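See below for the structure under consideration.
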Amino acid sequence: MKLGRLNHVGVATPSIEKSLEIYRTMFGAEPHGEPFDLPAQGVRVCFVDTPNSQIELIEPLGDNSPILKFLEKNPAGGQHHVCFEVPDIDAAKADLEANGARVLGEPRIGAHGTPIFFVHPGDMGGVLVEIMESPER
Ligand code: CO
């Protein structure tokens with residue numbers, strides 16, 4: 001597989017609106033569009049642009065949201081995952097699994113409309129890693 005650019009850093013938050021207020025006040029940064037729901041992933045999402053990447057603010061959506069546990073441990077929110085782009089999602093999955101990494105679920109469509117999957121932090125030095133197929137540019 002070929003490691004591509006850092007697409008975003010995922011930040012879990014109990015309130016996207018409160019987090020956006022922090023980015024607005026501290027950095028003068030505005031959201032990249034309106035927050036939107038990703039029901040299949042149990043999250044509500046909003047992006048903030050930085051010159052070379054993005055911050056993905058993620059808020060729980062529904063009672064089975066995968067970030068509810070994270071917020072139980074980190075009630076104020078916190079850094080949740082990093083997302084790297086790859087040119088070919090299936091090749092990346094095959095190569096990571098061949099190297100013993102636990103891929104969490106099958107590739108599915110992510111917040112940028114391209115396939116994504118997550119890799120177990122226990123195989124990634126403690127970092128939850130999202131792998132995302134690069135969007136067409
Ligand atoms: Co993400």
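Any read-out appearing in this document is the output of simple, stated calculations on the displayed coordinates, not a laboratory observation. The structure displayed is predicted, hence computed values, not measured ones. Positions of Cβ are backbone-derived with ideal geometry, glycine not excepted, and every protein chain shown enters the neighbour counts.
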Practice task
Provide the percentage of antiparallel DSSP beta bridges, counting only those with both residues in the chain; round to the nearest 5.
Solution key: 70
Completion exercise
Percent of all Cα-Cα pairs per 10 Å bin for the chain, counting from 0 up to the last occupied bin, reads 12, 43, 35, 10, 0
Handout entry: Listed residue (129, 101, 19) projecting farthest to the positive dipole end of the range 6-133, Cβ model
Key = 19
Practice task
As a check on your grasp of the helix formula, calculate [θ] at 222 nm for the chain: sum -39500 (n - 2.57) over DSSP H runs of n ≥ 4, divide by the residue count, round to the nearest 500.
Solution key: -6000 deg cm²/dmol
Problem - Long-range amide H partners of residue 38 with built H, under 5 Å - result: 43, 44, 45
Handout entry: Cα→Cβ-extended label distance, 7 Å offset, between residue 74 and residue 6, nm
Key = 1.5
Exercise for the section: State, to one decimal in nm, how far the label point of residue 91 lies from the label point of residue 52, with both points 7 Å from Cα in the Cβ direction. Expected result: 2.5
Practice task
Give the angle, between 0 and 90 degrees and rounded to the nearest 10, that separates the Cα long axis of helix 16-27 from the longest principal axis of the Cα atoms of the chain.
Solution key: 80
Problem - Size of electric dipole in the chain: Cβ of Lys, Arg +1 and of Asp, Glu -1, about Cα centre, debye, nearest 20 - result: 300
Practice task
Using the charge dipole of the chain (Lys, Arg: +1 at Cβ; Asp, Glu: -1 at Cβ; taken about the Cα centre), state which of 51, 91, 75 has its Cα farthest towards the positive end.
Solution key: 75
Practice task
Starting from the range 1-59, pick out the trypsin sites (Lys or Arg not before Pro) whose DSSP state is loop and whose Cβ has at most 16 other Cβ atoms within 10 Å.
Solution key: 2, 5
Completion exercise
Expressed as a whole-number percentage, the relative contact order of the chain with C-alpha contacts under 8 angstrom and at least six residues apart is 26
Practice task
Please give the helix 89-98 orientation as an angle from the longest Cα principal axis of the chain, in degrees from 0 to 90, rounded to the nearest 10.
Solution key: 60
Handout entry: residue 120 versus residue 15: modelled label distance in nm, points set 7 Å from Cα along the beta carbon direction
Key = 3.7
